[in-house]
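The values are calculated or read from the model by the stated rules, or taken from the named source; none is laboratory data. Here the structure is a predicted model, which means the values were calculated and not measured. Neighbour counts are summed over all protein chains in view; Cβ atoms, including those assigned to glycine, are modelled from backbone coordinates with ideal geometry. Calculation scope for accessible area: heavy atoms of the full protein, side chains included, ligands and nucleic acids excluded. Shrake-Rupley method; radii C 1.70, N 1.55, O 1.52, S 1.80 Å.
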Amino acid sequence: MTDVIHDVIVVGAGPAGALCAYTLRRLGMSVLVLDKASFPRPKPCGGGLTIKTLALMPYSVAPVLEKFTRGLEFGFRTPSGDTFRTVAGKNPICTFAVREKFDTFNFEQMLAAGAAFETIGKIDLITEDNDGVTVVAANAAYRGRYLVGADGANSRVRRLLGLDAHIRRGFALEGIVPYTRLQNVPKPEFFFGVTRNGYGWLFPKGDHVNVGLYTIDDDPSLSKEALRAYARERLGTDQIDDVVGFPLGFGGDKRLPVRDRVVLVGDAAGYAEPLLGEGLHNAVKSGIAAAQAIFTTRSGGGRLQEAYRRRVATLMDDLTRCRQMATAFYPDLDRGKLLIGFSKPALVRGFAAGMTMVEMTNLLPFSAFFRPAKPTSLVELLAR
């Protein structure tokens, strides 16, 4: 075992882990970040960065933003036919980055802030005691006073500590099409109903468009052929490069993923939202929240569970609202397109202002239909 005892060990150097480590360093705490690979590295993701995500970032990410949009196309495939509705305004409502570049940028900021980093193999054991946490991987052991699990939807930390009973997964399949294969740069779009309980997307970047399929289902039927069919229909080509699938972690509104000295963040905590499958905002928010909660606890501010709960309460409310809306939306897309039609002004204002889903739906006349049932106590959150 190493003789060095770090204030915090962070497992996973994606956005949640990198922002957590960066914030901890800015708060004066020593941090060791562990990951199975270094950067740059490919990362499958649509790469949409909402205004609310940009507002959370503690530094500018302008160097890796490739495009922005003031409008989104919402398509609906239903038994009554295909329908498209445009949501647009004067101000940007979403920006786009290549995830490999975004992740590398955050990784570099984390290192510049003074976080230590090591690549490791598979984690074999995690033990927690009154003084700290030990992580054992490939015949090496690391010791920290606290541990943050930021290792994604298939989190090894979560499984080893038995914190995964409430987690379920969604899936996405995506690739890229260079503009050289297209006659025109497409508009950003969500096309609901081209896959079961999900949608297809087009997100334009600097020299290519990201094309993908998403579903909330645990057992998806996504396939490369389905992705190629969507690209043929919407882009006029089925030549897609770098096709890859990836899981998303849902269920984070069901239970607070914290132990006395361990906290989970991002997809490891189930913090991707099921309505659109967007996970970057909650990854950044929970990573920063975990750092602040650990700092408060370390400074004598009570239990880690309570400190973290306070900082992610709005995030968990938002996940509940997104889950309720997804349950109402996907089974009946004819109803869904009416909701989009009724709510276009609210969506424009909400996206541009960086609102959460709770804040946006509170602008709508039918908002009373979506009422998150908030847990009444920390005990209830921990016991779910």
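A few comments on the model shown:
- Selected residue (criterion: least open to solvent (accessible area, probe 1.4 Å)) from residues of segment 14-66 that are out of contact with any His (no Cβ under 7 Å at 6 or more places or on another chain), closer than 20 Å to ALA269 by Cα and of a type in the set (Val, Ile, Thr): VAL33
- Of THR195, THR237, all but one fail to be touching a helix residue (DSSP H, G or I) at 6+ places or on another chain (Cβ under 7 Å), at pLDDT 95 or above and hydroxyl-bearing (Ser, Thr, Tyr); the exception is THR237.
- Selection status of GLY336, within 20 Å of the chain's Cα centre (by Cα) and not aliphatic (A, V, I, L, M): no
- One residue alone among THR327, THR314, THR320 is in a helix (DSSP H, G or I), open to solvent by less than 30 Å² (accessible area, probe 1.4 Å), at pLDDT below 95 and polar (S, T, N, Q), and that residue is THR320.
- Candidate set from segment 172-194 (those that are in contact (Cβ under 8 Å) with a residue 60 or more places away in the chain and touching a Pro at 6+ places or on another chain (Cβ under 7 Å)); member that is surrounded by the most Cβ atoms within 10 Å (Cβ to Cβ): GLU174
- In the set (1) of a type outside the set (Lys, Arg); (2) in a loop (DSSP other than H, G, I, E, B); (3) closer than 22 Å to ALA172 by Cβ, the condition left unmet by GLY17 is number (2).
- Of the residues making up segment 290-308, one or more are part of a helix (DSSP H, G or I), surrounded by fewer than 21 Cβ atoms within 10 Å (Cβ to Cβ) and of a type in the set (Lys, Arg).
- Top-ranked residue of segment 43-65 - restricted to ones that are touching an Asp or Glu at 6+ places or on another chain (Cβ under 9 Å) and of a type in the set (S, T, N, Q), ranked as nearest to ALA352 (Cα to Cα): THR50
- Matching residues in segment 106-149 - criterion: being of a type in the set (Gly, Ala, Ser), on the phi < 0 side of the Ramachandran plot and open to solvent by 60 Å² or more (accessible area, probe 1.4 Å): ALA112
- Test result for GLY89, more than 28 Å from MET316 (Cβ to Cβ) and open to solvent by 20 Å² or more (accessible area, probe 1.4 Å): yes
- From the options GLY249, GLY245, residue that is part of a strand (DSSP E or B) and open to solvent by less than 10 Å² (accessible area, probe 1.4 Å): GLY249
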